[in-house]
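Any read-out appearing in this document is the output of simple, stated calculations on the displayed coordinates, not a laboratory observation. This one's a predicted model, so the numbers in the text were calculated from it and none came from an experiment. Heads up, the Cβs are rebuilt from the backbone with ideal geometry, glycines too, and the neighbour counts pull from every protein chain shown.
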Amino acid sequence: MALLPQGEAKLQVLKLERQHGGESELESFDLPIPASQNLLLRPAVGFVTELGPAALLNDHVYFWNARGERQECQIAPILPPNIRTAPWIRAEFISGRLQLSITERQMPLTEHQGPTTSLRVLRLDAADLRDCGSSITSKDLLRVPRRAGSQPMPVFSDAEDLPQHYDYLEETSAPPPNELAEKLPRDPSRYESETWVELDAVVGSADPPDPPMHLAVGRVAPERGIPERAHYSLTFAANAQATVFKFDGPDFYVYDLADRRSSNRLGYIEIPGQRIVVASTLPKEAWRLQPARIPWVYPPFAAVKIGQHWRAAWLAPNGIWAVESSDRDPGTAELIFGIKDPLIGEPDGAKLQFTRDGEFLVMQRVQFPLQVLVRVWDLRASRRAWMADASTTERELRAAACRVVRIEGGNGAFDDMASKLFQIDPEHRKPCPEVAGAGS
């Protein structure tokens, strides 16, 4: 995981250990100066295939050669004109590349049409950044077709060794064909509706760019005006060629893009969806999708393939739901820790991601103008086994919990009000005593 500490002139790489007991390593790379505000490009960090860790900082891209020597590319002046002159540029590292996106707004040609937007995307690889010249200025842009209104940004696949795709959801203005309608799930938050239209996932190839194709994934009630929130979301699997879709509610659907079939509907493909049912007796209100804090993305949702089954996570109003099926019963999932509550976390995340092996779940939270907070959940079976092992002492469990508390910037101490509320005696008000030398 690549990190850019606020106010510090360094990029940090956190290497997460697969086996419990191993210490995570933190490697630092020096940068010239900390991030500044009011520049063309917002800061971003990540990894570029063949280059390793990279930082977009102060309109420069920094990376390191095999000898550990810092290289740089002053990227802002050599961007294609329509990218350079855009009022806002979204920068992120996706699938081993630096990706810059802009939104272009088109006004309606007639009074019966509404405004539309299209997305243009510049994807830069290691060769582009090493050259740092005309190859960037003249590089062809990926163009995502026009879409009505202000829709969430398309989702891009992030597995660099698999075919590159993007997709987004689009409500049609017509019901699905009769032979298809009963096969498509309905939006459970609108069951009382008498009118249904088709909801499609529009899937396109990002490299090389090909015309996008429609995939019918559900039925929704036609919206009038601006909806209060999104009732559905989608994502790409972190390590498989699949797109994953869900409505409100616990269930989700997996579509294997390698198993696409031709359709008798022009512009459509057919993929049999695998429904993953979550075994739960919780009320349906508990499974409402929580919107992202930023309005231009779908509700945060992540999925990863584990063996022959699936693990998924999404925001809940009071934390993170994380579920997993099994190779024995791949169509039925359960809450990942066997508890009836979500993982502890903030409900205002902007992005959820699994690591490629699915052992860690990462959430990003945005605090404007420049700060991004990161939370990591350790989902390793070895860690869960260690916690459940009868030979693991209370002292060891407390030490592990207190490490998390200190990362949060506190010592877990209860104040007078909390002590009275939970009836905690003075001897136990500080469950995580200060560690000698911790403040040095």
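Here are some notes:
- Peptides 230-237, 261-268 ordered by average Cβ neighbours within 10 Å, highest first: 230-237, 261-268
- Gained length - Asn264 relative to Ala174, 0.36 nm times residue gap less alpha-carbon distance: 30.7 nm
- Estimated FRET transfer efficiency when R0 is 25 angstrom, pair Ala388-Ile424 (beta carbons, to 0.05): 0.45
- Of the peptides 142-148, 414-420, 156-162, the order by per-residue mean of other Cβ atoms within 10 Å, starting with the highest, comes out as 156-162, 142-148, 414-420.
- Selected from Leu3, Pro80, Ala35, residue furthest toward positive end of dipole (the range 1-150; charges at beta carbon): Pro80
- Shape of the range 1-86, Cα gyration tensor, a/c cut at 1.5: prolate
- One chain, two ends: Glu160 and Val405. Fully extended at 0.36 nm per residue, the span grows by 84.7 nm beyond their Cα-Cα distance.
- Aspartates and glutamates with Cα under 13 Å of Lys305, excluding same-chain neighbours fewer than 8 positions away: Asp256, Glu324, Asp327, Asp357, Glu359
- For the chain, the relative contact order works out to 8 percent when only alpha carbon pairs closer than 8 Å and six or more residues apart are counted.
- Full-extension gain in nm, Ser28 to Thr85, via 0.36 nm per residue minus C-alpha separation: 17.2 nm
- Rounded to the nearest 20 debye, the dipole size of the chain about its Cα centre is 400 debye, using +1 on the Cβ of Lys and Arg and -1 on the Cβ of Asp and Glu.
- Among Leu343, Leu282, Leu41, residue whose mean-square fluctuation peaks in a GNM of the chain (springs only between Cα atoms under 10 Å): Leu282
- Listed residues Lys430, Lys139, Lys246, most fluctuating in the chain (Gaussian network, C-alpha, under 10 Å): Lys430
- Tyr191 paired with Asp415, simple spin-label distance in nm, labels 7 Å along Cα-to-beta-carbon: 4.3 nm
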